[in-house]
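**Student:** For reference, the structure I am asking about is given below.
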Amino acid sequence: MDSEVIAALIATPAVLVTAATAWMAGRVQSRGAYHGPVDAVRRTAQREAYADLYRTARYFLDAFETAENAVATRQPFESAVDEMHTALDALEHAASMVELEGPDPLADIANRVYGNARRLAGHRISATVRTWTLNPNTPQELALRNEAMTELRNALNELLPTARRYLNGGPLQ
């Protein structure tokens, strides 16, 4: 055999391994080039959903306390109750967005925030009408109100640290 043929046969495996490695590296790079912008947009949408949930939950709490104070002091309360229900509708939308964006631990927090807010502010009767089901006139109703308020505040207190850990790539626990 000629020395050129022998050299070519010896070099062939190295060339094939190098080519395969280069092909795989290019494939990984192209995948990263595609997913990088998609992941950035997704993270932005998630961050906005988490912030909107927190903001609307704070808005709901303020509106709820205003409505509750108006009823307790026997002031005209219809507009305050309407505002509370508007806040609850906004909270329902925000919780749904977090549920859509995920992950599951944050979706669970969103469900607890909205569920306890609904326990406080009432259930939907129709598309535009809600009933306020919890006006604490008895010790049992007051206990239910306090339980719902405590659970809502606890879930809200979990929201920001959990969202921050998730967005920064840490474990959600």
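**Student:** If A90 satisfies every condition in (1) modelled with pLDDT under 85; (2) in a helix (DSSP H, G or I); (3) small (G, A, S) but one, which is the exception?
**Tutor:** Just one mismatch for A90, condition (1).
**Student:** In the list L172, L152, L156, L144, which residue meets the criterion of being hydrophobic (A, V, I, L, M, F, W, C), within 15 Å of Y50 (Cβ to Cβ) and at pLDDT 85 or above?
**Tutor:** Just one listed residue meets the conditions, L156.
**Student:** Does A51 satisfy the condition of being closer than 16 Å to L160 by Cβ and either at pLDDT below 85 or not polar (S, T, N, Q) (or both)?
**Tutor:** yes
**Student:** Checking the condition within 23 Å of L144 (Cα to Cα) and not β-branched (V, I, T), which residue from Y50, Y114 passes?
**Tutor:** Residue meeting the stated conditions: Y114.
**Student:** Check whether at least one residue in region 69-82 is under 20 Å from E151 (Cα atoms), in contact with a helix residue (DSSP H, G or I) (Cβ under 7 Å, 6 or more places away or on another chain) and without any contact (Cβ under 8 Å) to a residue 40 or more places away in the chain, and report yes or no.
**Tutor:** no
**Student:** Within region 139-173, take every residue that is free of Cβ contacts under 8 Å to residues at least 40 places away in the same chain and in contact with a Pro (Cβ under 6 Å, 6 or more places away or on another chain) and give me the one that is surrounded by the fewest Cβ atoms within 10 Å (Cβ to Cβ).
**Tutor:** Among them, the one singled out is L142.
**Student:** Only one of these conditions is not met by G102: (1) surrounded by 11 or more Cβ atoms within 10 Å (Cβ to Cβ); (2) modelled with pLDDT of 90 or more. Which number is it?
**Tutor:** (2)
The values are calculated or read from the model by the stated rules, or taken from the named source; none is laboratory data. This is a predicted model, so every value here is computed, not measured. Using ideal geometry, Cβ is built from the backbone for each residue, glycine included, and neighbour counts are taken over all protein chains shown.
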